[in-house]
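*Asks:* Below is the structure I would like to discuss, written out as structure tokens.
The values are calculated or read from the model by the stated rules, or taken from the named source; none is laboratory data. For clarity, every value in this text was computed on a predicted model and none was experimentally measured. All Cβ positions, even for glycine, are placed from backbone atoms using ideal geometry, and neighbour counts span all protein chains on display. SASA here: full protein model, heavy atoms, side chains in, ligands and nucleic acids out. Shrake-Rupley method; radii C 1.70, N 1.55, O 1.52, S 1.80 Å.
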Amino acid sequence: MTDHDLQTLLDFRSEVPEPDEETARRVYSLVTAPRVRRRRGLRLQPPVRSRLVLTIAAAGAVAVVLAATPAWALVRDVLPFWNQPSAPSSVQVQFSSLNRGAPAGMSPQAVSGETRQVEQVTFGGRTRTLWVSPAKNGGFCYLWLPDLPGGCSTPTQHLAWVAESVPAHEPGQPAQTTGIPESTPPGHFVLDWVAGDITSPANDVVIRFSDGSSTHPQITWVSAPISAGFFAYAVPNDKQSSTNHVTAVESFDSHGALVTEQSFPK
Amino acid sequence: MSRSFDEVFEAEFRPLHRYLRRRLGTEAAEDLAAETFTVAYRNWARLDPARPVRPWLYGIAANLLRHHWRAERRMLRAYARTGVDPVVEDLDAVVIRADAHALRRDLAQALASLRPADREILLLHAWAELSDSEIATALSLPVGTVKSRLHRTHERLRNQLDPHGQTTVKASSTPAKEPR
């Protein structure tokens with residue numbers, strides 16, 4: 001390599017600047033954000049006397065918590081995000097593509113390398129895995145893989161959901177399982193699954209049907225930096241008909257007050 | 001004396017980000033820089049204070065970059081083919097002289113044709129300005145291996161960029177003119 005070649009190499013892309021202060025601050029905050037860590041397999045046993053003291057103290061604390069905590073908080077099991085299995089590179093690539101596909105200035109800035117597996121659910125005979133990544137804008141992105149969509153949310157969105165619609169069938173008839181016929185008129189579609197997320201103050205999700213019934217899908221809570229609950233609900237066949245189908249998805253806070261309501265068709 | 005994480009972040013984040021941006025463009029650079037420092041932050045307590053931090057950081061980045069080797073090669077080839085460098089196209093009004101531009105395209109093609117591991121060593125040397133021993137530490141290689149690979153890569157680049165020694169002759173006999 002001649003000196004000239006070496007100089008060309010040194011000059012190559014040398015106009016690329018260092019990042020600005022704002023970028024450095026944003027990344028620093030992301031990197032040093034507090035994390036929930038769960039100790040596995042290691043239990044330190046205190047001496048017997050102090051264990052007794054601890055037991056009494058713990059019992060007192062539990063009593064105080066029981067008296068002061070609403071019932072919903074006691075049954076909430078929060079998955080520590082950083083302890084979940086990391087995503088393989090094939091999944092990380094799909095999260096990277098969420099950033100690349102966004103219009104200028106609207107990238108969700110998913111941190112694809114920090115994607116974690118949150119849960120697996122089976123419906124419609126297929127198992128789907130929920131993958132979640134934090135985002136640099138303070139929100140998060142998620143995908144139900146291999147075949148369902150996902151999205152990105154910010155902390156100010158208290159309910160976001162995605163769904164897939166199929167042609168409604170007549171009551172008592174089997175659901176449409178193959179391609180959508182061209183003759184299906186707009187407005188005759190119903191939802192066959194609903195998946196989404198909620199963030200504080202939303203604490204519960206209700207899916208309503210046109211016959212007046214409703215259901216509360218199970219919510220999987222994930223710790224910071226995600227700090228959100230995720231749900232996926234496969235709509236039963238008898239609720240995919242022209243007379244009985246999903247009409248709304250709502251979120252409620254811990255006191256039962258409505259936070260967000262979104263009807264279908266939207 | 002060992003430095004705190006904050007001190008190291010302050011000193012090393014910007015150059016590392018720029019290095020990664022030269023390799024892969026803005027978006028991937030930010031992801032990779034964040035991932036590099038996340039790994040460093042989590043393992044900070046385990047870092048031997050006697051070890052230099054800089055090669056360790058670039059070693060983490062190099063491991064993360066492995067997942068992007070194909071993307072890097074694709075971008076280099078795209079630049080060589082089209083003359084538009086995806087890495088710098090978002091920068092404001094970059095003016096490059098025509099002769100330098102042609103050389104850069106040749107260089108991009110040459111870099112794309114290198115073995116990824118050799119390209120890694122070359123760019124750690126040229127762009128990150130790591131010494132041979134620092135590269136050896138970063139990539140967990142013997143120093144001798146780094147030296148020989150660097151030498152081989154230099155030779156290979158020279159053959160590709162300047163197969164008949166023309167550039168050297170041209171550079172010495174006809175100095176580049178300043179644009180008027």
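*Asks:* Which residues, taken from the stretch B:102-160, are under 20 Å from B:Arg54 (Cβ atoms), in a helix (DSSP H, G or I) and facing chain A (nearest Cβ under 10 Å)?
*Replies:* Answer for the stretch B:102-160, where residues must be under 20 Å from B:Arg54 (Cβ atoms), in a helix (DSSP H, G or I) and facing chain A (nearest Cβ under 10 Å): B:Leu122, B:Leu123, B:His125, B:Ala126, B:Leu150.
*Asks:* Give the residue that is farthest from B:Arg73 (Cα to Cα), with candidates limited to residues of the stretch B:1-30 that are acidic (Asp, Glu), at the interface with chain A (Cβ under 9 Å from one of its Cβ atoms) and touching a Lys or Arg at 6+ places or on another chain (Cβ under 9 Å).
*Replies:* Filtering first and then ranking leaves B:Glu30.
*Asks:* While we're here: Evaluate the stretch A:112-133: report whether one residue or more is in contact with a strand residue (DSSP E or B) (Cβ under 9 Å, 6 or more places away or on another chain), within 12 Å of chain B (Cβ to nearest Cβ), surrounded by 14 or more Cβ atoms within 10 Å (Cβ to Cβ) and modelled with pLDDT under 85.
*Replies:* For the stretch A:112-133, residues in contact with a strand residue (DSSP E or B) (Cβ under 9 Å, 6 or more places away or on another chain), within 12 Å of chain B (Cβ to nearest Cβ), surrounded by 14 or more Cβ atoms within 10 Å (Cβ to Cβ) and modelled with pLDDT under 85: absent.
*Asks:* Do we have A:Asn203 as within 18 Å of A:Thr156 (Cβ to Cβ), touching a strand residue (DSSP E or B) at 6+ places or on another chain (Cβ under 8 Å) and at pLDDT below 90 here?
*Replies:* Yes: the conditions hold for A:Asn203.
*Asks:* Any idea which residue in the stretch A:134-178 is modelled with the lowest pLDDT, counting only those that are within 27 Å of A:Ala257 (Cα to Cα) and of a type in the set (S, T, N, Q)?
*Replies:* This residue is A:Gln157.
*Asks:* Here is a further query. Would you pick out the residues in the stretch A:220-236 that are open to solvent by 30 Å² or more (accessible area, probe 1.4 Å) and in contact with a Phe, Trp or Tyr (Cβ under 6 Å, 6 or more places away or on another chain)?
*Replies:* A:Ala234
*Asks:* Something else: Here are A:Pro70, A:Pro85: which of them is over 30 Å from B:Glu7 (Cβ atoms) and at pLDDT below 50?
*Replies:* Unique residue meeting the criteria: A:Pro70.
*Asks:* Give the number of residues within the stretch B:76-112 that are open to solvent by less than 40 Å² (accessible area, probe 1.4 Å) and either among the acidic types (Asp, Glu) or at pLDDT 90 or above (or both).
*Replies:* Of the residues in the stretch B:76-112, 10 are open to solvent by less than 40 Å² (accessible area, probe 1.4 Å) and either among the acidic types (Asp, Glu) or at pLDDT 90 or above (or both).
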